[in-house]
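Quick note: the coordinates plus some simple rules give every number you see, no bench work behind them. All values reported here derive from a predicted model rather than from experimental measurement. No Cβ is skipped: glycine too gets one built from the backbone with ideal geometry, and neighbour counts run over all protein chains shown.
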Amino acid sequence: MDKMKIKGLLSVTLKGGPSMHKTSSSPEQVGPKDRGYGGGSDLGKAPTRAAPGDLPSATWVPLSSVPEVVHQKLKKEPEGKSGQASAASWGEEQSPVTVRKHTHPLCKIFTEDISERLSLTAGSQLPEGCLEKLALNRPIFNKPLSHLLHHVSLSEIGFEKLESYVKLDKLGEGSHATVYKGKSKLTDSLVALKEIRLEHGEGAPCTAIWEVCLLRDLRHANIVRLHDVIYMERSLILVFECLDKNLKQYLADSGNVIDMHNVRLFLFQLLRGLAYCHRKKVLHRDLNPQNLLINVRGELKLADFGLARTKSVLMKTYSNEVVTLWYRPPDLLLGCTHYSTHIDMWGVGCIFYEMATGRPLFPGSSVEEQLHVIFYILGTPTEETWPGILSNEEFKAHNFPQYRAQAFLSHAPRLESHGVDLLTKLLRFEGRSRISAENAMKHQFFFSLGEQIHRLPDTTSIFALKEIQLHREAGLHASSVPDSGRPAFRVADTEF
């Protein structure tokens, strides 16, 4: 079937009547493990996705309850906001149909059904007017989509197209990728465009593949949203929601002194997003301040899932060469390859201390020096503090001095007793002894945030509660605060 025939199928008229058509009920969220994601070279099973036609349970509804489409000559909309949006999103090609929208609540279900069938990324929303453009009929859309039909449908909406985005400012550049601030023509919202350069003949890097696979299914208020993926001959472009800065930049802008109320809010959101990942059997494996994004409202979101993996029952060993050195736990530094969700909790403790003091806790320059710094602060481990450590070959080879543990309160007096207690539970030598993200959220350190914060749905921000507000930082640089009603970045208005 060629492309013109497929487009013809997508323009079939929808007519109201007594006939019945199938629409999917609200689909249950499926985690990476349930979707069949396995590991890379160190995890075994390759990532897989459910077939496009495999939908959750469905219910029958009358076709008259979905938007009705009738054939007639296309009438151009008067020039204005909606007309501009349509032109920006869809280009010159117009579909020869006009849609009369019903206010029936099942219209929303119809839109959600299309999003599910097209396997749109987590948090993606269909742009205004896409139903008019697609004019998809129910009988065709109740059948499994072929690979070609799937991509033609996405293309009709405007996804997976480079021209659907406008490049604004460069945010940063690394050895393999460049990040730009951009704008989506589909939703008229700001986005972050991560352009990953592809080496000739090597294809997409495995870190990018893992990030896409995992973020497509992780739906949480404290995890960055992946909106779109654009594959080019020489680059792979990931389109994320745009946040103002990362935690490292926030610390710098605040003069390395964050209000303790804000520290509490940031830490709770970090634990909340991490607890969700761990429930989905996802290990982040690279928590550090640069991978935690913050917007002007104070919402913190986990980002950069390139090193993340799903915890598989079949795969018991993982690489120990993960996690940025300053935030890497001592068990990995000593060669451990058997670990679970506790690998992330050590990094949480390091980030907690850094937010409270404005300086990193364990700033080593090599693996051996990193262990020396850790033992200098926490004390050299013994059989009582770390069962089995004296039989570890790496530990015995280094012959560490016998350091005595130092009191955290002397290093971070702003933490007070509850904060020190939580920090101590996060920084246990033995991985399985560290407090979990779920239990850490219930610690006394967070009692001042109230009980309602624990009852929020996964996709709802904690700032939906009136009593939760970010405090203004006393040391916040004036230049880092955008003027009211004016964007905090320069619009270059350059086509990507």
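Neighbour counts of other C-beta atoms within 10 Å: give me Cys336, Cys350 arranged from fewest to most.
Ranked by crowding around the Cβ, least crowded first: Cys336, Cys350.
Amide H neighbours of Val191 under 5 Å, counting only residues 5+ apart in sequence or on other chains, H built in-plane at 1.01 Å?
For Val191, whose amide H was placed from the backbone, the distant partners under 5 Å are Gly182, Lys183, Ser184.
Modelling each spin label as a point 7 Å along the Cα-to-Cβ direction, I'd like the Asn439/Gln469 distance in nm, to one decimal.
Each label point is offset 7 Å from its Cα along the Cβ direction, giving 3.6 nm.
For Arg225, which sequence-distant residues (separation of 5 or more, or a different chain) have an amide H within less than 5 Å of its own amide H, given hydrogens modelled in the peptide plane?
Glu241
Over 28 Å between Cα atoms, which of Lys194/Lys425; Lys170/Lys442; Lys183/Lys248 qualify?
Lys194/Lys425; Lys170/Lys442
With a point put 7 Å past each Cα toward its Cβ, work out how far Thr385 is from Lys161 in nm, to one decimal.
Label-label distance for Thr385 and Lys161, simple model: 6.1 nm.
From Cα coordinates alone, what are the radius of gyration and Dmax values for the range 245-478 in angstrom?
17.6, 55
Applying the Karplus parametrisation 6.51 cos²θ - 1.76 cosθ + 1.60 with θ = phi - 60° to the phi angles of the range 389-401, what ³J(HN,Hα) value in whole Hz is obtained for each residue in order, glycine and proline being reported as x?
Running phi through 6.51 cos²θ - 1.76 cosθ + 1.60 with θ = phi - 60° gives 5, 5, 9, 6, 5, 4, 5, 5, 5, 7, 6, 5, x Hz.
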